[in-house]
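Asks: Shown below is the structure under consideration.
The values are calculated or read from the model by the stated rules, or taken from the named source; none is laboratory data. In this text the structure is predicted, and so the values were computed from the model without any measurement. In this analysis, Cβ positions are derived from the backbone assuming ideal geometry, glycine residues included, and neighbour counts consider all displayed protein chains. Calculation scope for accessible area: heavy atoms of the full protein, side chains included, ligands and nucleic acids excluded. Shrake-Rupley method; radii C 1.70, N 1.55, O 1.52, S 1.80 Å.
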Amino acid sequence: MLGICRGRRKFLAASLTVLFVPAITWIYLFAGSFEDGKPVSLSPLESQPHSPRYTASSQRERESLEVRMREVEEENRVLRKQLSLAQSRSPSRHHGNHSKTYSMEEGTGDSESLRAGIVAGNSSECGQQPAVEKCETIHVAIVCAGYNASRDVVTLVKSVLFHRRNPLHFHLIADAIAKQILATLFQTWMVPAVRIDFYDADELKSEVSWIPNKHYSGIYGLMKLVLTKTLPSNLERVIVLDTDITFATDIAELWAVFHKFKGQQVLGLVENQSDWYLGNLWKNHRPWPALGRGYNTGVILLLLDKLRKMKWEQMWRLTAERELMSMLSTSLADQDIFNAVIKQNPFLVYQLPCFWNVQLSDHTRSEQCYRDVSDLKVIHWNSPKKLRVKNKHVEFFRNLYLTFLEYDGNLLRRELFGCPSEADINSENLQKQLSELDEDDLCYEFRRERFTVHRTHLYFLHYEYEPASDNTDVTLVAQLSMDRLQMLEAICKHWEGPISLALYLSDAEAQQFLRYAQGSEVLMSRHNVGYHIVYKEGQFYPVNLLRNVAMKHISTPYMFLSDIDFLPMYGLYEYLRKSVIQLDLANTKKALIVPAFETLRYRLSFPKSKAELLSMLDMGTLFTFRYHVWTKGHAPTNFAKWRTATTPYRVEWEADFEPYVVVRKDCPEYDRRFVGFGWNKVAHIMELDAQEYEFTVLPNAYMIHMPHAPSFDITKFRSNKQYRICLKTLKEEFQQDMSRHYGFAALKYLTAENNS
């Protein structure tokens with residue numbers, strides 16, 4: 001904005017000078033032509049030496065005035081010329097203000113700026129600024145495939161949302177993995193004035209699979225070529241972005257550049273900022289044909305309607321077929337083909353100023369693009385090294401990227417002032433539910449948490465699972481926060497089967513977890529662990545929401561509902577798979593109980609068998625879980641019987657029973673009204689009993705709870721009387737709901753509670 005104001009001031013000052021300097025000069029001359037109140041003639045006849053009015057002093061004054069007049073007229077001529085040039089260069093429709101201090105604004109050198117058929121159009125003087133309408137929707141297309149690219153998209157979207165002031169419509173060309181991750185993320189993010197549409201990337205593979213590609217992006221790196229066919233036929237223009245892009249300005253400024261396109265210009269691109277297409281990076285380097293340095297396709301402005309009329313699909317296919325006969329494959333995916341087409345048809349391209357795609361690739365010349373890093377608009381991490389790329393200002397770029405990487409995405413849920421959002425059923429239902437709550441209720445915050453929509457990023461790390469052929473596989477399900485990360489490696493060593501974990505983290509903590517996991521050989525060697533990030537919001541730990549997220553995204557027919565503080569016995573995974581068959585879990589409603597024990601020692605020689613565990617129980621090294629503070633929680637397991645049991649045995653439900661169980665994946669979810677500490681597992685076990693599940697104790701299974709510092713929620717429960725009152729209120733309401741849902745059979749829960 002400062003640049004815009006300065007440009008306008010200069011323009012205004014110059015205009016005033018042209019208009020008023022001549023007027024002032026002639027007034028001065030006219031006033032000076034009076035002597036004693038009479039006009040002094042400057043005509044040649046009256047100024048001759050023989051004139052009676054002629055004097056030496058008046059002659060000198062006349063000559064001085066004539067010199068000054070010539071100087072003023074020359075200054076005015078120069079000013080008029082500058083103004084006319086500025087007006088002729090300023091486009092009739094213009095948005096934004098790009099300072100002329102950028103040395104590469106119109107190319108990387110004289111040879112580039114003189115290319116035939118290209119109208120650079122990158123001048124920066126203030127014009128009419130038609131810009132973008134206040135509530136005009138900006139369309140953005142992104143190709144995304146896989147787990148890592150899905151994480152990158154989130155950072156890109158954060159940077160766009162942070163600066164934007166217009167509604168956005170994202171068109172995501174995604175594979176099945178990315179669609180599952182991003183659909184859930186945007187659905188739970190609930191950002192106003194943002195619409196998401198998905199297009200199946202796997203269906204497009206046949207369109208480009210015939211093109212051999214050496215680039216690390218694989219087949220998905222070619223899909224920008226088919227956007228004219230993929231995107232809706234009524235969509236006229238779109239900004240296409242790579243996933244490794246970071247915005248440092250409002251994307252509306254880039255959208256406004258469409259107004260500068262002239263004639264047959266249909267592609268807006270920034271010049272490639274390396275010497276790749278010049279073919280001099282190494283000996284025998286042979287790149288695809290390109291116009292000069294070529295263009296980078298990390299940021300593209302596409303005029304889709306004109307491209308379709310030009311038969312773009314036929315144009316790029318013919319070019320690719322011709323070049324592949326000699327090149328054999330692409331090295332830079334779609335970028336090679338785009339450049340080959342432009343080489344033959346230079347009139348297609350509108351060259352964007354280089355700050356719209358500052359490329360931090362190997363061999364980059366991007367430092368010649370700017371004088372001050374604060375002037376940049378878009379940063380493109382297009383090196384395989386990503387944040388480790390070498391650049392004089394890489395620390396600034398890295399910090400900008402990390403800012404959005406760790407930025408709290410909840411803060412981006414802001415309404416656009418004056419732009420009504422499209423009706424969203426989920427959002428409307430949420431507002432209706434919240435409006436029905438009484439804000440004066442002392443338990444309002446507890447009740448509100450039940451309806452809070454937490455932003456959720458599924459499969460934060462790479463995940464692979466091969467289904468077991470015998471259909472007996474079991475997934476360990478648990479939830480955790482940042483203070484329990486140290487348990488992950490130990491659990492992975494004890495349980496070789498699939499694991500589904502829900503992690504309650506902030507955006508910054510999610511990145512800490514990512515670095516922790518990537519630095520762990522144990523965790524990186526396990527691809528059958530699904531890490532699902534549920535982002536922090538509100539004052540309570542949503543323990544049952546986390547359990548539900550982890551349960552919902554298992555790939556096996558059975559699940560072991562555990563907690564992160566427990567280490568399962570060695571071999572428990574295989575033992576449970578055998579028990580599933582033995583007890584016919586597929587055809588019966590059973591909940592298989594894994595007896596729980598605990599140790600108070602941080603260093604424990606873990607028992608390798610039931611006999612060894614019993615010995616440690618007798619020695620006082622181990623105890624039955626919570627025997628000294630909450631006996632009722634696990635007493636129905638009947639540990640005395642378990643000591644000698646060799647076959648599974650059935651036990652009955654009792655009040656406050658909360659064992660750890662193996663169930664089918666179709667079991668009921670946990671009740672979300674219970675947050676933090678207290679009754680979260682008890683309520684679930686009660687509902688299993690209400691649905692007539694049989695509780696069966698496994699005689700040769702066990703798990704051990706490892707010691708840890710008290711959680712923040714149990715501290716609140718113990719110290720806050722109102723917390724305990726609200727928990728009791730929620731418990732009573734849950735029991736009433738059970739009675740309404742299950743009828744007469746649920747009355748025993750009220751009776752058992754009164755007797756306990």
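Asks: Inside segment 535-547, can you point out the residues that are in a loop (DSSP other than H, G, I, E, B) and at negative phi? Please lay out each step first, then the result.
Replies: Taking segment 535-547 and keeping what is in a loop (DSSP other than H, G, I, E, B), we get 536-542.
Passing the criteria: Lys536, Glu537, Gln539, Phe540, Tyr541, Pro542.
Asks: Across segment 503-538, what is the number of residues that are farther than 17 Å from Asp473 by Cα and in contact with a Gly (Cβ under 9 Å, 6 or more places away or on another chain)?
Replies: Narrowing segment 503-538 to residues farther than 17 Å from Asp473 by Cα: 503-525, 531-538.
Remaining after also requiring in contact with a Gly (Cβ under 9 Å, 6 or more places away or on another chain): 507, 535.
Residues in segment 503-538 being farther than 17 Å from Asp473 by Cα and in contact with a Gly (Cβ under 9 Å, 6 or more places away or on another chain): 2 in total.
Asks: When you scan segment 569-587, how many residues do you find that are open to solvent by less than 40 Å² (accessible area, probe 1.4 Å), among the small types (Gly, Ala, Ser) and out of contact with any Leu (no Cβ under 8 Å at 6 or more places or on another chain)?
Replies: The number of residues fulfilling the criteria is 1.
Asks: Considering only segment 652-756, give the helices (runs of 4 or more DSSP H) lying wholly within it that have at least 1 residues that are out of contact with any Phe, Trp or Tyr (no Cβ under 6 Å at 6 or more places or on another chain), free of Cβ contacts under 8 Å to residues at least 12 places away in the same chain and open to solvent by 40 Å² or more (accessible area, probe 1.4 Å). Outline the logic, then answer.
Replies: Details: elements: 680-690, 712-719, 721-742, 747-755.
In segment 652-756, 712-719, 721-742, 747-755 are the helices (runs of 4 or more DSSP H) which contain 1 or more residues that are out of contact with any Phe, Trp or Tyr (no Cβ under 6 Å at 6 or more places or on another chain), free of Cβ contacts under 8 Å to residues at least 12 places away in the same chain and open to solvent by 40 Å² or more (accessible area, probe 1.4 Å).
Asks: Restricting segment 588-631 to residues that are among the hydrophobic types (A, V, I, L, M, F, W, C) and part of a loop (DSSP other than H, G, I, E, B), which is surrounded by the fewest Cβ atoms within 10 Å (Cβ to Cβ)?
Replies: From segment 588-631, those among the hydrophobic types (A, V, I, L, M, F, W, C) are 591-594, 596-597, 600, 604, 606, 611, 613-614, 616-617, 619, 622-623, 625, 629-630; that's our starting set.
This time we only want the ones that are part of a loop (DSSP other than H, G, I, E, B), so: 600, 604, 606, 622, 625, 629-630.
On the way: Leu600: 13, Leu604: 15, Phe606: 16, Leu622: 23, Phe625: 23, Val629: 7, Trp630: 12.
Among residues in segment 588-631 that are among the hydrophobic types (A, V, I, L, M, F, W, C) and part of a loop (DSSP other than H, G, I, E, B), the one surrounded by the fewest Cβ atoms within 10 Å (Cβ to Cβ) is Val629.
Asks: Filter segment 500-534 down to the residues that are among the hydroxyl-bearing types (Ser, Thr, Tyr) and part of a helix (DSSP H, G or I) and list them by number. So that I can check it myself, show each step before the final result.
Replies: Taking segment 500-534 as the starting set, the residues that turn out to be among the hydroxyl-bearing types (Ser, Thr, Tyr) are 500, 504, 506, 516, 520, 525, 531.
Within segment 500-534, just Tyr516 meets the criteria.
Asks: His171 is checked against (1) in contact (Cβ under 8 Å) with a residue 60 or more places away in the chain; (2) over 15 Å from the mean Cα position of the chain (by Cα) and fails just one. What number does that condition carry?
Replies: (2)
Asks: Does any residue in segment 499-510 that is under 22 Å from Asn528 (Cα atoms) come within less than 6 Å, Cβ to Cβ, of a residue that is of a type in the set (Phe, Trp, Tyr) and open to solvent by less than 10 Å² (accessible area, probe 1.4 Å) six or more places away or on a different chain, and which pairs are these?
Replies: Final answer for the pair search is Leu501/Tyr531.
Asks: Could you run through segment 345-365 and say how many residues are under 15 Å from Leu241 (Cβ atoms) and in a strand (DSSP E or B)?
Replies: Residues meeting the conditions: 3.
Asks: Tell me which residues, restricted to segment 119-146, are among the hydroxyl-bearing types (Ser, Thr, Tyr) and at pLDDT 95 or above. If you could, list the steps in order and put the result at the bottom.
Replies: Filtering segment 119-146 down to residues among the hydroxyl-bearing types (Ser, Thr, Tyr) leaves 123-124, 137.
The one that is among the hydroxyl-bearing types (Ser, Thr, Tyr) and at pLDDT 95 or above: Thr137.
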